[in-house]
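The values are calculated or read from the model by the stated rules, or taken from the named source; none is laboratory data. Every value quoted in this text rests on a predicted model; they were computed, and no experiment measured them. Cβ atoms come from the backbone with ideal geometry, glycine included; neighbour counts cover every protein chain shown. Just so you know, the surface numbers come from the protein's heavy atoms only, side chains and all, with ligands and any DNA or RNA stripped out. Shrake-Rupley method; radii C 1.70, N 1.55, O 1.52, S 1.80 Å.
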Amino acid sequence: MPPLMETGKIDSLAFIGGSKAADDLIRSHPQPHRLKVFLQLEAKNMGVYMPDLFVGGDNDDNHDGIMRDEERVMKETIAGTLSFNGQRCTALKLLFAPAEHAEKFAQSVAREVESLTIGLPWESHDNNDGNTYSQITPLPNKSRVDYMKELIQDAISKGARIMNKDGGSVIGGDESTLMIPAVLYPVTPEMRIYEEEQFGPVVPVAEYDTLENVLQYAREGKYGQQVSIFTSANNESDHNSVAQLVDTFSTVFGKININSQCGRSPDTAPFSGRRSSAMGVMSVMEALHEFSIPTVVSYKEEGINSDIVSGVERVSTFMQPVSG
């Protein structure tokens with residue numbers, strides 16, 4: 001692509017990938033101000049688990065940490081964090097749980113991760129949930145494995161623990177890229193994994209004391225693609241809490257998911273983002289708008305102008321009405 005951009009004959013760029021590659025491509029154009037640009041780039045999509053999901057609390061040892069709708073929530077969480085090994089821009093990349101329940105939440109995530117089948121894509125497994133093929137497969141190259149290990153080691157050196165058995169281990173020898181996912185807890189702001197997009201099988205769990213902690217992360221973050229809010233809100237107070245998040249997130253993220261993982265919408269719905277996550281809007285109609293430039297034919301309705309324009313319109317291809 002760089003040689004094409006360097007010709008100066010490219011007027012539009014649609015790119016899905018990393019921001020550094022996008023910046024380099026744009027800069028390689030001799031007149032970058034001419035480009036109409038559509039970008040889908042990195043993300044650090046949050047999963048926010050509302051207090052109303054959990055039963056009990058500090059003074060209720062019998063029920064502390066029990067999660068309402070746990071099966072539903074965990075299904076979305078595991079798919080959101082680890083489908084395609086977590087290697088998609090729309091993956092959930094940082095999970096926020098209430099501080100008083102966060103450890104038990106991380107343990108629940110770890111149990112689910114331990115139940116995943118790991119191997120080569122074509123290998124079959126006996127699995128109770130009907131998934132016969134490997135759910136976690138090799139990463140594309142050794143450098144990706146090394147980066148996962150860097151993030152894990154950095155988090156451990158600053159107080160995080162690997163919550164699942166053998167998390168972060170590589171199966172198959174020194175040259176293998178088949179990594180067991182690692183659930184990290186507690187993840188804190190000084191750790192690289194708190195800010196950096198891992199794009200791989202590492203699941204960081206962070207605590208929040210109040211929803212303001214979550215809102216601050218959103219407001220100050222580098223990325224703005226998507227967020228998922230998990231809730232069992234069934235009263236006005238819970239609805240108000242969720243609404244507070246939605247109202248703030250609406251100025252930060254391109255998509256807000258309620259009780260579902262982050263992901264692409266149907267192509268009839270806009271797919272967008274803000275900040276360093278995206279430029280432009282993707283969908284069937286929005287993509288046409290992104291790469292179209294309206295041209296207006298105008299005239300004053302006086303004298304013979306109307307007759308002239310009517311005559312031109314009859315034979316002009318451009319001025320024909322668009323059907324459908």
**Asked** Hey, if we sort Asp174, Asp52 by accessible area with the 1.4 Å probe, largest down, what's the order?
**Response** Asp174, Asp52
**Request:** Please compute the Cα-Cα pair-distance distribution of segment 23-180 with 5 Å bins starting at 0, giving whole percents from short to long.
**Result:** 1, 7, 13, 17, 17, 14, 11, 8, 5, 4, 2, 1, 0, 0
**Prompt:** If ligands, DNA and RNA are left out, what is the accessible area of Ile171 with a 1.4 Å probe, given in Å² to the nearest 10?
**Reply:** 80
**Item:** Under 20 Å from the Cα of Lys300 - aspartates and glutamates, other chains or at least 8 residues apart
**Value:** Glu313
**Principal-axis tilt of helix 102-114 within the chain, Cα atoms, nearest 10 degrees** = 80
**Asked** What is the helix-to-structure angle for 236-249, meaning the angle in degrees between its Cα long axis and the longest Cα principal axis of the chain, kept from 0 to 90 and rounded to the nearest 10?
**Response** 50
**Asked** If you count, for each residue, the other Cβ atoms within 10 Å and average over each peptide, how do 24-36, 298-310, 201-213 line up from highest to lowest?
**Response** 201-213, 24-36, 298-310
**Prompt:** How large is the helix-only mean residue ellipticity at 222 nm for the chain, computed as the sum of -39500 (n - 2.57) over DSSP H runs with n ≥ 4, divided by its residue count, in deg cm²/dmol to the nearest 500?
**Reply:** -9500 deg cm²/dmol
**Request:** May I ask you to list the aspartates and glutamates whose Cα is less than 13 Å away from that of Lys20, ignoring any residue fewer than eight positions away on the same chain?
**Result:** Glu42
**Prompt:** Around Asn45, with a cut-off of 14 angstrom between Cβ atoms, what is the net charge of the other residues, counting Lys and Arg +1 and Asp and Glu -1?
**Reply:** +3
**Request:** Post the alpha-carbon centroid distance, segment 1-56 to segment 256-324, in whole angstrom.
**Result:** 22
**Complete:** If one compares the long axis through the Cα atoms of helix 211-220 with the longest principal axis of the Cα atoms of the chain, the angle in degrees, nearest 10, works out at 50
**Item:** Ranked order, Ile16, Ile118, Ile78, Ile156 - accessible area, probe 1.4 Å, largest first
**Value:** Ile16, Ile156, Ile118, Ile78
**Message:** Let me check I've understood the local charge: for Met74, count other residues with C-beta under 10 angstrom from its C-beta, Lys and Arg +1, Asp and Glu -1. What total comes out?
**Reply:** -2
**Request:** Among the GluC sites (Glu not before Pro) in segment 167-205, which ones are in a DSSP loop with at most 12 other Cβ atoms within 10 Å of the Cβ? Mind listing them?
**Result:** Glu175, Glu190
**Item:** Segment Lys36-Asp146, length gained on full extension (0.36 nm per residue, minus Cα span)
**Value:** 36.0 nm
